[in-house]
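Each value in this text was obtained by applying a stated rule to the coordinates, not by laboratory testing. Since the structure is predicted, the reported quantities are computational estimates derived from the model, not experimental observations. With ideal geometry, Cβ positions are generated from the backbone for all residues, glycine too; neighbour counts draw on all protein chains shown.
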Amino acid sequence: MLLRRFWISAMVVVCLLTLAGGQSLAQSPAPGPPKAAAAAEVAVPAQLPPPQPGAEVYRRPVDGAYTISGRGFGHGIGMSQYGAHGAGLAGLGHDQILGYYYPGTRLDTLTFGPLRVGITVDDDGVTRVSHRTGLRIGNAATSSTTYALPAGRDQWRVTATGTSPSSCTLQGRVDGTWSTTWPSGLTRSCPLTFSSPSEGTVDLFLPDGSRRIYRGVLTAVHTGTSTLQTVNRVPMQSYLRSVVPSEMPIAFHSAALRAQSVAARTYAASGVGGTAVYDTCDTVACQVYRGRGVRTSGGGITSYEYASTDAAVTATSGQVLTYPFGTGRDLATTMFSSSSGGHTAPGSSAHPYLAAHPDAYDGVAANGRHTWTAQLPVTTLESTFGIAWVDRVQVLRRDGFGAFGGRIVSARVEGYDTAGRYTYRDVTGPDLRFARPYPTYSNGLSSHLFTVVAEPTVRPATRIAGANRYATSAAVSQAWPANVSTAYVASGLDFPDALTAAARTGVRDAPLLITDPTSLSPATAQALTRLRPGRIVVVGGTAAVSEAVRSQLVAYATSGEVQRLGGADRYHVAATIAAHYPADVPRVYLASGQDYPDALAGAALAAHQGAPLLLTRPTSLPSVIAEQLERLSPGQVIVLGGGSAVSSATARAAGSYSDTGGFTRVYGSDRYETAQAVSRSYPAGTTRAYVTSGSAYPDALVAAARAGRQGAPLLLTRATHVPGPTAVALDRLTLANIYVVGGSAVVSDRVLAELGLALE
């Protein structure tokens, strides 16, 4: 069942480019957890405010997960890679593809020197390489002065111990032991550069123990700390031989591979993602670069370079895209993503060639992410954005380009904190996407071009409440029609009299109202005016309901009859009420007169069954109660609560008056479990239930009478969440309606929504 789960001037690039075949590219550092606006909180009473004007509003789904329909893969700015493939199949050359996705740019040919690539996957702060014949070392990566590394070592590494480049140390390994080794003439300071002129590659050990092969040279660069950065100085063409197949499937059309080569070359040359130490990096934060390949255990190579992409890189040698900026013609920022979803997204105004436009080629048959569906669980939103209970998502703004009104620019995730107070986070479309991204999750989101599929949402429980306890009791009494024969009135400042009165209301099908002891509460008077009872029964002595109030009530009884059922104390009052039941009743309920929780649910059941509810001291049975038990001669004595509420000796004493000579105890480890235990007396087909605060008795007292009238169990909840026993009790029933009695200060709107999950 549903409720049981609760037991539980360059453009700033902001999007991760997740590409075809699980490959990816980013043009800013890869995002961590989404960053959202600080929480905004509103004091109780907790409730959802009206939606923002013009917002798309999506309430919490019944099954706990939003169903998403989306388009595209990645941010959608610039070239669609699947679109490039589709355009190639349609007969466009790579120059035409580039002109289509970067309108206004020009294809130029430039000469480039070596590129410095930060090998950020080598993140252990040490540069470690494999020894081979001909391996050399020097200082500056551009220096022609290098020194042979002696044989006898199987590995070499550079480490640093301080903040100065001179703290760098070169070590070689012999039989697993490292020792410092400095070739004569080599400056004993970083940078230190490994090269192999005869082979043109160097094998680098990554932290996971794998051995990656890189063309060009590898340099250990001191960055001001004892953590070194490994940098690969490599010719542009060699760099692209690794990047292009890492960014686009090698089986794509040759024109698409050439377009990708030009875009990747332009992007790398523009230095986006670079630092003072390197020009570009090797991950999705820049472009994916994996080097020449990986060395196998047998000494061979698993290549990351392929014939089709090598041909594309060679065919476009030196080609880049330029644009006439206001300061002169310069390299364009050639953003790209896997799939546009049928419409590219707008870039910044500083880059007019990144304008949004329909994409006629993205829907190529091979593109499995042109359209997609996903699931976004509310629990994911809760954990990602720090909201205890997510109840609504509003899409505030879209960019206006493409399906659904365009990509989501801003949204608001709303709900309640652990104290039941309203809270929200203002987030971006990418924030929502990266809360559950594809392909990390097979049913995750692959872009922020999506909408929420319309589906049933949680129908919250129905609240019955007024401005105060007296107004709430008046609201509860609306279940009775006018001209009732009897109405009961008890004190709203204490519980015992109202408890036994609530049980008695089931016999008379009468509402129970509460009042201030010394003056008739206005809400109570208003309710009585509507009910027009034939007579009114005041429950309790003059200390509980004053004679002045009793006199006032005369005007509201159509017969003028106001009867008081009083006594010297709560036990006498309970006995007085019990005296109105006939002898030989099928059952009697017995509860502690010292506290109310155990008796609340029992009062509703007693009212439903027309059974008396008696009160007792925990450790002794009052004589007036014993007298009534003897007179009533019940078939059963049912004790509500555990031994601390009603001792075994007291229960046995009461049970001796039953036909069986014993008693049945209905209880749990706390008030919530006791109410759950009482609810088992109702059939599983019961279609309605009442829920009240387990710590604010006035609402529960009047709710017990109404629940009794309708044959519905009364269960208890905490203010900010539904306790497990209550969830289980509700799960067992076949509920079409749940009524919460009390305002949001005692039962939050979050609980209302949570309870709604139990509705069939």
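As a ratio to 2.2 N^0.38 Å, the alpha-carbon radius of gyration computed for region 158-282 takes the value 1.27. Each residue in Thr201, Thr462, Thr302 was given a count of other beta-carbon atoms within 10 angstrom of its own, and listing them fewest first yields Thr302, Thr462, Thr201. When Rg and the Kirkwood radius Rh are both evaluated on Cα atoms of region 132-232, their ratio Rg/Rh stands at 0.92.
How many angstrom lie between the Cα centre of region 466-538 and the Cα centre of region 695-760? Using only Cα atoms, the two centres lie 20 Å from each other. When the convex hull of its Cα atoms is viewed from all sides, region 408-473 shows a mean projected area of 7.0 nm². DSSP assigns beta bridges within the chain; of those with both partners inside it, close to 65 percent run antiparallel. Scaling against 2.2 N^0.38 Å puts the C-alpha radius of gyration of region 464-756 at 0.93.
Sorted ascending by nearby beta carbons within 10 Å, beginning with the fewest, Thr500, Thr275 become Thr275, Thr500. Panel values: region 524-675, Kirkwood radius from alpha carbon pairs, Stokes-Einstein at 4 °C and 1.567 mPa s, translational diffusion coefficient 79 µm²/s.
Calculated FRET efficiency, Ala548 to Ala583, Cβ-Cβ distance, R0 = 30 Å: about 0.25 to the nearest 0.05. Taking Lys and Arg as +1 and Asp and Glu as -1, the other residues whose beta-carbon sits under 14 Å from that of Asn483 total +3.
Checking every one of the trypsin sites (Lys or Arg not before Pro) in region 186-230 against DSSP loop status and a limit of 15 other Cβ atoms within 10 Å picks out Arg188. Considering only C-alpha atoms, what is the centroid distance from region 154-205 to region 246-322, in Å? Using only Cα atoms, the two centres lie 28 Å from each other. Any idea what the alpha-carbon Rg over 2.2 N^0.38 Å comes to for region 660-726? Compared with the compact-globule rule of thumb, region 660-726 sits at 1.15. As an equivalent ellipsoid, region 507-592 spans semi-axes of 24, 16, 11 angstrom, where each value is the square root of five times an eigenvalue of the C-alpha gyration tensor, largest first.
Our Cα-only numbers for the chain put the radius of gyration and Dmax at 38.5, 118 Å. Whole-Hz Karplus values for region 237-253 come out as 4, 5, 4, 5, 4, 8, 5, 4, x, 7, 9, 9, x, 5, 8, 5, 4 Hz, taken residue by residue from phi with 6.51 cos²θ - 1.76 cosθ + 1.60 and θ = phi - 60°; glycine and proline positions read x. Extent along the principal axes, Cα only, for region 625-760: 46, 28, 24 Å, with the longest axis given first. Using only the C-alpha atoms, the convex hull of region 255-386 corresponds to 240 Å³ per residue. From helices alone, the chain scores -7000 deg cm²/dmol at 222 nm; the rule is -39500 (n - 2.57) for each run of n ≥ 4 DSSP H residues, then divide by the residue total. When the P(r) is computed for region 691-760, the part past 17 Å accounts for 35% of the Cα-Cα pairs. Here Tyr571, Tyr147, Tyr589, Tyr214 are placed in order of increasing Cβ neighbour count within 10 Å, fewest first, which gives Tyr147, Tyr571, Tyr589, Tyr214. Taking the centroid of alpha carbons for each part, region 83-106 and region 549-595 are 88 Å apart.
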